[in-house]
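Novice: This is the structure I want to talk about, given as structure tokens.
Please treat every number below as a calculation from the coordinates, not as lab data. Only a predicted model underlies this, so the values are computations on that prediction, with no experimental measurement involved. Every residue, glycine as well, gets a Cβ built from its backbone with ideal geometry; the counts of neighbours run over all protein chains shown.
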């Protein structure tokens, strides 16, 4: 049965995150001799997956994800999108047949202005690496061209590559970090992101509650025992 999951840290650790030794998936706290997992860059879905397998965790988490029900989202299959794409492709074929039968129209353009427009619209491949202010890599960071839907994510080495034009503005975002904007001036753009929330560190208390339907189903099941 589905459960509502909340995370609470009743006794936060006062040891500074920056003073801890970096280890895989987090840092090691010398004071409490425990590995502190870094949850600040994880989505609700990812946190739910982790805490469902282990209740005994010590972690660093955004305060915005404490003492509330974590929200699990599901991706739905976009059957309408597939259908619409097929229809448009079919209509596109029909349109191209009609256009091919029409007499070509020749238009004159001012080459001076045409060349200028072509230069400004020339796209280049912009590459770089995204890290946080302490030098740690940020795999999965999102980079989009502002005011467009064109974007990419950093790989496991925190590297990215995106096609953009000179003068375009790249937006860099990552859960738990401040969004940054950088204007494209060359084909190499490295970025260091600042944490938007230092996070709360401590032993995590995982609270699991049955949903209304879960409780109802459980009661009905008990009647037949």
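Novice: Using 0.36 nm per residue, how much length does the chain from residue 28 to residue 178 gain when fully extended, once their Cα-Cα distance is taken away?
Specialist: In short, 51.5 nm is gained.
Novice: Right, something else. List 161, 173 from most exposed to least, where exposure is judged by having the fewest other Cβ atoms within 10 Å.
Specialist: On the way: 161 13, 173 16.
Neighbour counts put them in this order, fewest first: 161, 173.
Novice: Checking the a/c ratio against 1.5 first, then a/b against b/c, what shape does the Cα gyration tensor give for the stretch 123-193?
Specialist: Numbers: a/c = 1.71, a/b = 1.52, b/c = 1.12.
Here the stretch 123-193 falls in the prolate category.
Novice: Apply 1/(1 + (r/R0)^6) to the Cβ-Cβ distance of residue 125 and residue 55, taking R0 = 35 Å, and write down the FRET efficiency to the nearest 0.05.
Specialist: So the FRET efficiency works out to roughly 0.15.
Novice: Simple spin-label model, 7 Å along Cα-to-Cβ: residue 194 to residue 166 in nm?
Specialist: According to this spin-label approximation, the distance is 3.0 nm.
Novice: Still on this structure, please answer the following. Taking the Cα atoms of the stretch 4-71, what is the range of coordinates along each of the three principal axes, in descending order and whole Å?
Specialist: Result for the stretch 4-71: principal-axis Cα extents of 33, 23, 19 Å.
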